Amino acid sequence: MKDLKFEQKASLSRIEAADQLTALAAALREGGDAELEIGPATLSLRIPDDLRSEVEVEVGNGEIELEIEFKWPTAPSRTAPSQPAAGTAKATSRKNVPAKPGRSGTGTSRGKSAKRSATRTA
């Protein structure tokens, strides 16, 4: 079950689509807290340094569908407790990163659409 889902479908010119992708690219490049203007709505996200991505292209029924998807965990990554190095008083820390499972098959939308999802877990 999703805690939050935002989806917007619209017909866009090539320039408008490029503008949306440029805004998304700028938010990804900056990272941290990002606000994306998507039509009349503003989507606020926290974007971490590491993401998983998937690019999917489907050709059929006289249409080409290009889907670009980015995923990341909603919980911040945790740092392992510091352990003293052997023979010294200095401590080192290690970043724990959870395993990244593959994407299960999900349905896709048809037609000209812009799809954005944000998921938050409790």
Residue within the stretch 3-23 that is part of a strand (DSSP E or B) and free of Cβ contacts under 8 Å to residues at least 40 places away in the same chain present: no
Top-ranked residue of the stretch 35-62 - restricted to ones that are of a type in the set (Val, Ile, Thr) and open to solvent by less than 90 Å² (accessible area, probe 1.4 Å), ranked as nearest to ALA18 (Cα to Cα): ILE38
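The values are calculated or read from the model by the stated rules, or taken from the named source; none is laboratory data. Since the model is a prediction, treat every value here as computed from it, not as a measurement. Using ideal geometry, Cβ is built from the backbone for each residue, glycine included, and neighbour counts are taken over all protein chains shown. Ligands, DNA and RNA are stripped out before the accessible areas are found, and what is left, the full protein with its side chains, is counted by its heavy atoms. Shrake-Rupley method; radii C 1.70, N 1.55, O 1.52, S 1.80 Å.
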